[in-house]
Structures are given as C-alpha cells and as structure tokens.
1. So, in segment B:73-93, of the ones that are of a type in the set (Val, Ile, Thr) and in contact (Cβ under 8 Å) with a residue 12 or more places away in the chain, which residue ends up nearest to the other protein chains (Cβ to nearest Cβ)?
2. Could you please let me know if residue C:131 is of a type in the set (D, E, K, R) and on the phi > 0 side of the Ramachandran plot?
3. Which of the residues belonging to segment B:94-120 are in a helix (DSSP H, G or I), touching a residue at least 24 places away in the same chain (Cβ under 8 Å) and among the small types (Gly, Ala, Ser)?
4. Can you name every residue in segment B:73-90 that is of a type outside the set (Ser, Thr, Tyr), farther than 24 Å from residue B:176 by Cα and surrounded by 16 or more Cβ atoms within 10 Å (Cβ to Cβ)?
5. In segment C:210-255, which residue that is crowded, with 24+ Cβ neighbours inside 10 Å and not in a helix (DSSP H, G or I) is nearest to the other protein chains (Cβ to nearest Cβ)?
6. Which one of B:70, B:52, B:59, B:40 is under 25 Å from residue B:209 (Cβ atoms) and within 14 Å of chain C (Cβ to nearest Cβ)?
7. For the structure I just gave you, tell me whether residue A:249 is over 25 Å from residue C:113 (Cβ atoms), within 14 Å of chain C (Cβ to nearest Cβ), out of contact with any Asp or Glu (no Cβ under 6 Å at 6 or more places or on another chain) and not charged (D, E, K, R).
Amino acid sequence: MDISSFINFFLIPGIILGSIYALGAIGVTLVYAIMRHGHFAHGDLATFGAFMVLLFSASSGLSPYAALPIAAVAAGLMAIAIDWLFYTHLRTLPKIITTISSLGVALMLRAVVQIFWGVNTLSYETGIARPENWFGLRIKPHEVVTVVMVIGLVVALEIFLRHSKWGKAMRAMSDNPDLASLCGIDNRKVIALTWMLVGALCAASGFFLGLNTQVKSLMGWNILLPTFAAAILGGVGRIEGAILGGLIVGICEEMSVLVIRSEYKVLSGFVILLLALLIRPTGLFRGKVL
Amino acid sequence: MTALLTMSSISGGYGDADILHDLSMEVGAREIVAIIGPNGAGKSTAMKSIFGLLTIRSGTIVVDGTDITGWAPSRIVRSGICYVPQVANVFYDMTVHENFEMGAFLRNGDYSDALERVYEMFPDMKAKQKALAGSLSGGQRQMVAIGRALMLDPKVLLLDEPTAGLSPKYMEQIFQTCRDIRNTGVALVLVEQHAKQALRFADRGYVLAAGRNRCDGTGVDLLNNRFIAEMFLGA
Amino acid sequence: MNFVTLLNYPIYLLIFISIYGCLTIALNVQWGYAGLFNAGVAGFFAVGAYTSAILTSPAAVGRIGGFSLPVPVGMLGAMLACVVAAWPVGKVCLRFRSDYLAIVSIGVAEAIRLVVRSEEWLTNGSRGIIDIPRPFGDLPYAQSQVAFLGLSCLILLVVYFLVERQLRSPWGRMMRAIRDNETAAQAMGKDVPRRRLEAFILGSALMGLAGALYVHLTRVITPDAIDPMIVTFLVWIMVILGGSGNNRGVLVGALIIWVIWSASELVTDQLPADIALKAKYARMFLVGLLLQVILRLRPEGLLPERVGTAGGSGDLGRTSPEAIAPSEGSDDV
C-alpha cells in the first residue's frame, strides 16, 4: 500500500472519526471532572443533538450548519433538565447510582428520538459531497468542515477554561469542590454550566457523526464505547487527553480492517479500552480521578 | 470591646452525636485568637462549625452583627469571614495566580489592588505565580492558601493548623505573616497544635477539651497557668 | 376452551418470571452483595443460551454442533462458558472504579452480539439455531408448559437456596463488608479483588443458566431474540425496584416488572399498526422513567436489604445498605 492510499483510506477517515470521538470524550471527561460519575446517556444525548439539527434545519429551511448552534443550545438545555430532574437528588448517594440512572436516561432519550423520527436512516441535506483532489489526497468538503469546526470548538473551550472567570471556576471545582465553595463558587451553577457545555459538545459530535455517516436512532449508543475508550485512554478529567485519545481510537478503528474482519471494526475502541486499563489505567495524560 | 465574631453556646456535630457542647468564643477586631487543646478536643470542629460545615443543633454564630448560623459556606464567605482548611487548601492543578483569582471569585470589577497586597505579603509567590500550586512545598502552599483567603478582604480569617507539618523556619514565617495580616486590620483565629508557640504570639487563647470550653485568657496568662502547662503544654 | 388453556398465558408469564428471577438473583450477587455494576447482563445471558443450544441441538449444515447432549449437560456447559467469559473481564476491571466495569461490560455484551451475528460456523449467523430440545417437549402443549414451569421454578428455587446459603456463610459476610467499606476490609487482610472476582463469576454463571433455560423454552435462538439493552435494563430495574441486596426483594421485582412489561405489550399489540410502533418506543421510555422514579422515591427498593435476612449475625449493625441509603439535605452548596 502506498502512502497516499494509506492517507486516503485510513488516516483521513480516522482523523474525521477521531475528531468526533474527541468531542464526545471531552464531554465524558468534563462530566467525570465536575460531577464525578460516568455518564452513559452521553451517546444518546449526541443522537438527540443530531436530530435537533435535523428538526431545526427542516423546520426553518436553515442549512444544517446554521442549525447546529440552535441544536447545541437545545441539547445543552436538555442536559440541564435531565440533571435537574433525575441526577440532582442522587448527588449525595454513591456516584455509581447516578451512572445507573444515566443508563435509564439513555433509554429514554433514544425512545424519544424513535417516537418522533422512527428507526429509519436519515441524512442531512448538504448538497453534493464529491471528494476534491488536493495533491492526490481525496478530501470531501464536509470532512474539511468537520475538522476545522472541531478544532475551533476545542480551542474555544480551552480559552474559556483557561481565561474566563467561570471556566476557571469549573477547573477549581474539578480540582477541589469543597474549597471552591469556600471561595463562594456556587457548585450548582458550575454544574449547570458544565451540562450546558456537555450537551452542546454532544450535539456537535452527533451532528458531525451524522454529517459524515448517517442520522439514525442508534448512532449515539454505537459511539458510546469508543467515546469512553478515548476519555479513559487519554486520562479521565484531561481535555488534551480526550482529544489525543479520540484521534488514536478513530485512526485505530479505521486501520483495524487491515487485521480483523470489518464486522468487528466497531470493537476497536473496546479493545483499546481494555489495553488501556491493563497497561496504563491512569491514561496517557495521568487522569486525576480513577 | 465589641466582638467581631461571637459563638454562643454552640452544640453540634457531623452525624447524630454531638462533638461540640455548649461552646462559646469571642473574637474582637484586630485580635489574634488561638484555639488549643489536646487531640480530639474539637478544635478544628469548632472552626468548621463557624463556617457552616457541620450541623449546629443549638447556639448562634454572629459575624459583625449578622447572624450566620446555618448558612451555606458559599454564603458565609460573603459575610466577611474566610477560612483556610488544614489540608487540600489550594487548587493543585491551578497556578498560584489562578488560586488567588479564585479567592477573589466573589469580587466584581477590578481586584488588582488586592492581588498586589497579597503579592506584597508573599513576595516569594510573585516569582512562582505561574507555577502549579500542587508543585509547591508545604510552606509555600500554606502561603498560597492564606493569600487566596485574603483576596476577599475578610474581617476575620480562620486558619486551621496553618503550621502543621512545617519546619520551624516556615512556622515562624507563618506566625510573622499572621502578625502582618493583623496589622492590616484583620482579626485571626488559629487552631494550633504547637500550643506554646501559638500562645506566645496570640493575644488570647481558648483551651478546649472534649468539645467544651476549658479555660481562656490572654496568651501570657495561659502560658503561665500551671494547670494548663501540665495538662496541655507538656511542661 | 378448557381450564388448562385458560391458564396458558399466566403459565407462560410465570415461566418468564422464573427465568428473569434467576437473572435478578445473579445480578443481585454482583450488584447487591458485591457492588459490581454489570451492564452486560444480556451478553452473559446470550452466551448461556447459545452454548446450551449448540451442545444439545442435533447436527446442522454449516455450523459446528450435532452433539445432541442432554439438556442438563447443556445447562452446565452454559454456566461454564459464562465463567470462561467472565473471568478475564473481572480480572481486568475489578481493580478499578465501578463504572469502568460497567462500560467494559457493555463492550463485552456488544462483542458477544457481534460474534453471534458474524460467526456463522458457530451460531449459524442470523438464521439462528433451531430444533433445540425442550424438556417435556413430547407432552401436549398445555401440559408441557406446566411441566416446564415446574422445572424452571425448581431451578430458581435451587439457585435461590444455594445463593442464600452462600451469602450466609463467612464468604457472604465478607462480600458485604467489602462492599460497605473496601478500605477497612482490605486493612483486615481480605483479598478484595479475588472476592469480587468470585462474586462476578458466580453471578455470570447464573446468568448463563438463565440463558440456557430460556433457549430450551423457545427451542429457537436468533441474534435478534435477545435485545441487549432491554434484557439488561429490565433485570436492573427489577433488582433496584425489588431491593438490592435482598434476594426475596429482587424476585418480587422480577414479578412486578415482568407483569407490567407483558401487560403493556398486550396493550400496545391492540393498537393500530402505525401507533403500535410508536407505543413500543413509548413503553421503553416509560421503563426508563420508572427507574428514575424508583431511584427518586425509594432507592432502597421495596424490600430493602436487612441485616439478618441474608446476612446472619448482624455483623454490620445497620438496617439498610449505605450504598443506596437516601440521606437528607444535599451538601451541594
């Protein structure tokens, strides 16, 4: 295999998939860092976001790209509502109870999508998506958009967390929630803010997944495993780790067909997760919560 | 002297069992008060009770005329009282500078003057402002923790064993810092294991035993009290 | 319509309740007593079902098999296969926080689903395995159902008493001590990962047994017969509703949830086709919501764990497990 077909058939799809996993994994890692529990409704929240894009673009005639910000806000508000309705009162119980609850929320979100849109495969209307040839590299326009927008989102999130007052408050609470409240930081506000960001990131990951593959009710559940694999591989609580982990899982998944049957491709993330737990359970960037 | 902080007849604890029994204490303006007593006397618990970190069953806590009994910690901070816990008192994954900024979280607008004062008080931290707090030594972390608490310009500062585990050199430095803080008009309350040293520099002291007031008085009086010396100071 | 056919439906219900009862006790060993979050119940259930199907069915073209072994051998094989599947999972995951096991067990269930679908030589792919022998299958339908109910109830009873006995033994007390205070148990020199692994394997083996029971009831198994999310979730909600840590409680949970689930199916089946499909999803939504309601109103379940019921000598001195005891007043200030 020559280098350009390796790039065309494995590296580029891997980076696209990896960027989508990275967005999801950042959300997973934020939930771990602030709320300190595993969030299994994450994938289905992404599905919800993807369908929100469909809803807003279909009802208003906007392009899916323009509908994304609205869908991101909708998914964020949905996440806040879910937290308020189902998770808040579990906060004093062991965290695993919230994780169990999130499994139920996953089922509920999926059922909502299936009630309103059914189980058929849909797609976004973005016009023709013919690959363009860039010096022998075949790249589709929406692939460029995906990578550029993912980078943009990550940079924006990084700036928010490093330099804004509430971003720092999130980091403070992730670091030491008791001390944060001694500083007068209202933990409930930080939690709501975190869910807003997590919901928006979910919507973005769902949208980009739908843009590059299809929009269907199980799309999010199917990326739950690689998303968690990316978050744990990168080191739970580490955003830079989630990005690197996402890219590794995405690229490995695309390359896995070189060694295993394509039916098992979707298990790549699972295998990486097992290897990470066996070899380096704290992740590549030593995660702080284990 | 009108008291800035008054605890009257506090009883309370973490679960069903009370740890504090009918505990009373007063702190006046610009005063340094040391709380001493044997292990398990409830010194740290007394301090936490002021900050709303345990269940108070009876009694009241008044800061500068405001009854704060039963308030949540994030609200108590607004009443002009700040607290430095004994352990985990800095944000390890944040820089020294960010720790100070977090201390000023409740301040709206420009707080560069407060930052400047803190850096003046801890000149060593000026050079370390970009370092992660988790990478500092125990003594330096204590300075970050105190500096963080000073960012809100509190009227009363509560320090829970600020010298625990520090070398004598750092201990002296922390005590000196406390005097400096007092000279800026802040009252301090310290829980101390090093009873002798603490009484030597505090204005007044409270001796606790089994969650109750044992005795109190000026630092010098307590130091010279034969009974206290035998019981608690190991003299 | 005679009396026996009138009873057909309740008997059918009861058979499924006994199968799910077996699953709930299995999950209770893992979650209720050891605090392990296994989100791959359906995976182990499927392993058991397929193993017993392969061992007991007659020869078929295109896949291994033709062993035609007796049903009890199939059941033993099912349990053994689950032990083999559970061991490495437990070995890798039980050292970590409990949600790591959960995510890995979801992955295991997914892997099992893919293997079942793709490995035609083993499972005959999407065509599935047919002609699986059924105990008392030669009797007329109604009698055969009653006899099968007797068998499944007998197996459930044996499982119940064996598990209860195991939990009353020092092993069971140790399990709960580990669950309630891992650090203290470790300090007392208990081999925490090993005890957890044992509980995980025991529970998984019982899930396999339930799978075998299921496959000998239906006589056919295809990859679509077991919806991983629904099976797993139903078992979880049964355990939590009934009362984690109380075997009688989880059986009550199995009874209630399965009756609700089946009754709602009866209702949705009556609806016109286009609404029926939506109603099917609405049913899933309501099951998810039911879990939230239980966690909110009664997180300890209908029959909470009582020290003494399952545990013997009152070693913990508490009435409900700390793991799910609700506490007043939140600290999230």
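1. Step one: of segment B:73-93, the residues of a type in the set (Val, Ile, Thr) are B:76-77, B:81, B:84, B:87, B:90.
If we keep only those that are in contact (Cβ under 8 Å) with a residue 12 or more places away in the chain as well, we get B:76-77, B:81, B:84, B:90.
Numbers: B:76: 9, B:77: 4, B:81: 11, B:84: 8, B:90: 8 Å.
Filtering first and then ranking leaves B:77.
2. Numbers: of a type in the set (D, E, K, R): yes; on the phi > 0 side of the Ramachandran plot: yes.
Yes, satisfied.
3. B:103, B:114
4. Restricting attention to segment B:73-90, the residues satisfying the condition of being of a type outside the set (Ser, Thr, Tyr) are B:73, B:75-78, B:80-82, B:84-90.
If we keep only those that are farther than 24 Å from residue B:176 by Cα as well, we get B:73, B:75-78.
Listed by number, the residues that qualify are B:73, B:76, B:77.
5. Result: C:244.
6. On the way: B:70 fails: under 25 Å from residue B:209 (Cβ atoms); B:59 fails: within 14 Å of chain C (Cβ to nearest Cβ); B:40 fails: within 14 Å of chain C (Cβ to nearest Cβ).
After ruling out the rest, the residue left standing is B:52.
7. Working: over 25 Å from residue C:113 (Cβ atoms): no; within 14 Å of chain C (Cβ to nearest Cβ): yes; out of contact with any Asp or Glu (no Cβ under 6 Å at 6 or more places or on another chain): yes; not charged (D, E, K, R): yes.
When the stated conditions are applied, residue A:249 does not pass them.
For every residue, the table says whether it meets (1) within 13 Å of chain C (Cβ to nearest Cβ); (2) at pLDDT below 95; (3) touching a Cys at 6+ places or on another chain (Cβ under 8 Å).
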| position | (1), (2), (3) |
| --- | --- |
| A:39 | yes, no, no |
| A:45 | no, no, yes |
| A:64 | no, yes, no |
| A:74 | no, no, no |
| A:84 | yes, no, no |
| A:113 | yes, no, no |
| A:118 | yes, yes, no |
| A:133 | no, yes, no |
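The values are calculated or read from the model by the stated rules, or taken from the named source; none is laboratory data. Predicted model only: the values in this text are computed from it and were never measured. Using ideal geometry, Cβ is built from the backbone for each residue, glycine included, and neighbour counts are taken over all protein chains shown.
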